[in-house]
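The values are calculated or read from the model by the stated rules, or taken from the named source; none is laboratory data. Bear in mind that the values here come from a model prediction, so they are computed numbers and not experimental data. So basically every Cβ, Gly included, is an ideal-geometry build from the backbone, and we count neighbours across all protein chains shown. Protein only, heavy atoms only, side chains kept; ligands, DNA and RNA dropped before computing areas. Shrake-Rupley method; radii C 1.70, N 1.55, O 1.52, S 1.80 Å.
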Amino acid sequence: MVNPFAKAWFWMLDYVYVGTRQVRAWLAPADPAPYRSGTAGLPPVLLLPGIYETWEFMKPVAERLHALGHPIHVVTDLGHNRATVPAAAAIVSDYLITHDLFGVMIVAHSKGGLIGKFVMMSPEAGARIARTVAIATPFAGTSLARFTVLPSLRSFRPADPVIRLLVEEEFVNARIISLFGSFDPHIPGGSELPGATNVSLPVSGHFRIMADRVLLDEVVAAVGA
């Protein structure tokens, strides 16, 4: 059980981390092209960031997996990922088909995990995905979404039709690995997904978990499993 003072501290650290990453990406945007190269035989990795995030938020993951030889793909057409989950999934599906990718390992953060599962549910694009590694994803929504007036955030309510559809469709869950910390200030209900491989890590936070060495080691293991 995390005490209230620790929770407040984790909230602050989370926002300091995401704020720093966003400013850094804005001041010095990175080119994703060099990450596309990889070692023959290793599966391609597709990065899907969370809401209001560009691919650069997942740069620690990109650097770690690319160093091991994986070609890294990002969908720049997602922008800051403000589209609905179905609309974003359509963009991702088009990318997979256009680039003729197969055996893809999706590594996703937060909303990106919902998009990844939605893509997996489609007959054509879903067949191109070997596995989705979801990090801090609100698979059942989050109760905190009801406190916001922004449609892009309210769509994470547990009662939202898209969230309910994703909860009800379980046939792809066996190909999903859900990674999450012991405390996530943005997902009080947690990120466990029935039928998936659920891994609780001894780290805290929703955003800063992305740069934690424990998390990165687990992502490497999940992609290479």
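Below, the figures for the structure above:
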{"item": "Some residue of segment 82-93 being touching a Pro at 6+ places or on another chain (Cβ under 9 Å), within 21 Å of Ala136 (Cα to Cα), surrounded by 15 or more Cβ atoms within 10 Å (Cβ to Cβ) and not hydroxyl-bearing (Ser, Thr, Tyr)", "result": "no"}
{"item": "The one condition in (1) over 23 Å from Pro151 (Cβ atoms); (2) in a loop (DSSP other than H, G, I, E, B); (3) basic (Lys, Arg) that Arg82 fails to fulfil", "result": "(1)"}
{"item": "Selected residue (criterion: farthest from the chain's Cα centre (by Cα)) from residues of segment 19-60 that are under 20 Å from Gly103 (Cα atoms) and β-branched (Val, Ile, Thr)", "result": "Thr39"}
{"item": "Index of the failed condition, Lys111 passing every other in (1) of a type in the set (Lys, Arg); (2) over 17 Å from the mean Cα position of the chain (by Cα); (3) modelled with pLDDT of 95 or more", "result": "(2)"}
{"item": "Candidates Glu170, Glu124, Glu192, Glu218, filtered to the one that is in contact (Cβ under 8 Å) with a residue 12 or more places away in the chain, buried (at least 17 other Cβ atoms within 10 Å of the Cβ) and of a type in the set (Asp, Glu)", "result": "Glu218"}
{"item": "Among the candidates Ile115, Ile106, Ile51, residue that is assigned to a loop (DSSP other than H, G, I, E, B), aliphatic (A, V, I, L, M), in contact with a helix residue (DSSP H, G or I) (Cβ under 7 Å, 6 or more places away or on another chain) and surrounded by 18 or more Cβ atoms within 10 Å (Cβ to Cβ)", "result": "Ile51"}
{"item": "Selection count where residues are open to solvent by 30 Å² or more (accessible area, probe 1.4 Å) and either in contact (Cβ under 8 Å) with a residue 60 or more places away in the chain or not in a loop (DSSP other than H, G, I, E, B) (or both), scope segment 153-167", "result": "8"}
{"item": "Selection within segment 152-176 - among the small types (Gly, Ala, Ser), farther than 30 Å from Ala225 by Cα and under 19 Å from the mean Cα position of the chain (by Cα)", "result": "Ser152, Ser155"}
{"item": "Residue, nearest to the chain's Cα centre (by Cα), within segment 130-151, restricted to residues that are β-branched (Val, Ile, Thr) and open to solvent by 10 Å² or more (accessible area, probe 1.4 Å)", "result": "Thr142"}
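Results for (1) modelled with pLDDT of 90 or more; (2) among the β-branched types (Val, Ile, Thr); (3) under 15 Å from Ile209 (Cβ atoms), shown as yes or no for each residue.
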position: Leu13; (1), (2), (3): no, no, yes
position: Ala28; (1), (2), (3): no, no, no
position: Arg36; (1), (2), (3): yes, no, no
position: Leu42; (1), (2), (3): yes, no, no
position: Gly50; (1), (2), (3): yes, no, yes
position: Glu53; (1), (2), (3): yes, no, yes
position: Lys59; (1), (2), (3): yes, no, yes
position: Glu63; (1), (2), (3): yes, no, no
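This table checks each residue for (1) out of contact with any helix residue (DSSP H, G or I) (no Cβ under 8 Å at 6 or more places or on another chain); (2) free of Cβ contacts under 8 Å to residues at least 60 places away in the same chain; (3) under 16 Å from Ala108 (Cα atoms); (4) not in a helix (DSSP H, G or I).
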position: Leu179; (1), (2), (3), (4): no, yes, yes, yes
position: Pro185; (1), (2), (3), (4): no, no, no, yes
position: Pro188; (1), (2), (3), (4): no, yes, no, yes
position: Val199; (1), (2), (3), (4): no, yes, yes, yes
position: His206; (1), (2), (3), (4): no, no, yes, yes
position: Met210; (1), (2), (3), (4): no, no, yes, no
